[in-house]
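The values are calculated or read from the model by the stated rules, or taken from the named source; none is laboratory data. Keep in mind that what you see is a predicted model, and the values were worked out from it rather than measured. Glycine also receives a Cβ, built like all others from the backbone with ideal geometry; neighbour counts cover every protein chain displayed.
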Amino acid sequence: MSEQALARIHTLPTRAPLVRPGGPWRALLVWALGAAVAGGLLGVAVQILVSTLGEQRQFDWWFVRMSILMAEGITLTTFVGSRYAFPQFRSVPRLLRYGLILLTVLGGALAVTLLSVISRPGVVVTRPVDFLALVAANTILAFLIGGALIAWDQLQTSLERAYDELRVKEAFEREMQVAREVQQELLPEAPPRLPGWEIAYTCRPAAAVGGDTFDFLELPDGRLGITVGDVVGKGIAAALLMANIQALARALAPREEDPAELNQHLSESLSRSRGASRLVTFAYVTLDPRTGEVAYSLAGHHPPLITGPRGVRSLDRGGLPLGVGFGPPYESGRDRLEPGESLVIFTDGLVEAPAKDDPDDDLGTERVRELLARSAEVRGAGALLERLVTAWERHTDGAEASDDMTIVVVSRLDGGDAT
């Protein structure tokens, strides 16, 4: 893994508190001042209402003092409960938690009501209407504060949930980016340089991390091994499985001259180490650049095509996809690339690419064969690859890719005989 990829792996930030730390007394002071103003105004309103209904023109400051006292008591209870008590009830069912909030606020109102009775005991008997009006007004205030506190609790819960979801999404995106960088580093940085030969390739994952892979292997006697694989699906799981296959192929290829034996070993290894939840197709081709001879074996993969002046032919020997765990042994085939001919290995992302306006209209193997047949005069792997990619882009017309697409082209140049 590169240093750039490692640098992207960092500790997730902890959730920022929704209440600014370090200022509980400042917050309490703000709450108290607000309660004093609200309580005073409510006391004046009650005094005016009582004076009007009872025809008592004398202003009684007791209403204002008691209203402020009740508002402060409700506020203090609410502040302490919201900051220190309510966070402890996060696991309590919502309705029960909100009931506790209202009971706490009403408890504060009741406590201050008792203080008002102590302050003027005779008011309950001599002026019950005044007393009940004051209690009713402050009870309404308590319910309003309790409702606001419940609304704040809901808002805080929603914000915390949204923040958690955002953190999970950001963490997933970072992991996908790192996985993509790691996967790209597992792919060849450049094609091998062989005198008289040209090799070109492209790999376009449909998602941030794809299930396609390809590789070039140095084999004994100067031969070149070419692998192209495709896991059905995409994402991190597909990429990890494909990396495992790539590592196994690199380890086994130098010891297995027969491509069929390599596929057999890969299939047996995968069937023992994983379930059958994913299908893996694989193409293994060996090339002798001195003679142009090609040996290959397919594991459920689309048959590679050889194109040139003699037309288009396919390589179709092989067996079932890797890891199936049953079926006949893999077969291997042989062919030969003459000067001017090219070998095209691809995944189903090329031939199964749907048209933008008609999802059922795949590019198809026949269209690819026709394109290669019309491109017999094209020389060089790069030019041929460009034609294939252009045809794929025109067919899809910018539509979102439904599957990963990988193409490897190996061309034997005119006059480039093996030495």
Check on residue 341, within 21 Å of residue 382 (Cα to Cα), assigned by TED's automatic domain parsing to the domain that holds residue 404 and surrounded by 13 or more Cβ atoms within 10 Å (Cβ to Cβ):
yes
Determine, yes or no, whether residue 284 is among the aromatic types (Phe, Trp, Tyr), outside any loop (DSSP other than H, G, I, E, B) and touching a helix residue (DSSP H, G or I) at 6+ places or on another chain (Cβ under 6 Å).
yes
Check every one of the helices (runs of 4 or more DSSP H) wholly within segment 309-404 and list those with 3 or more residues that are of a type outside the set (D, E, K, R) and farther than 23 Å from residue 215 by Cβ.
365-374, 381-396
The residue that is modelled with the lowest pLDDT, considering only those in segment 388-419 that are among the charged types (D, E, K, R), surrounded by 15 or more Cβ atoms within 10 Å (Cβ to Cβ) and closer than 21 Å to residue 302 by Cβ, is 403
With respect to residue 37, determine if the residue is surrounded by fewer than 19 Cβ atoms within 10 Å (Cβ to Cβ), modelled with pLDDT of 70 or more and within 30 Å of residue 157 (Cβ to Cβ).
yes
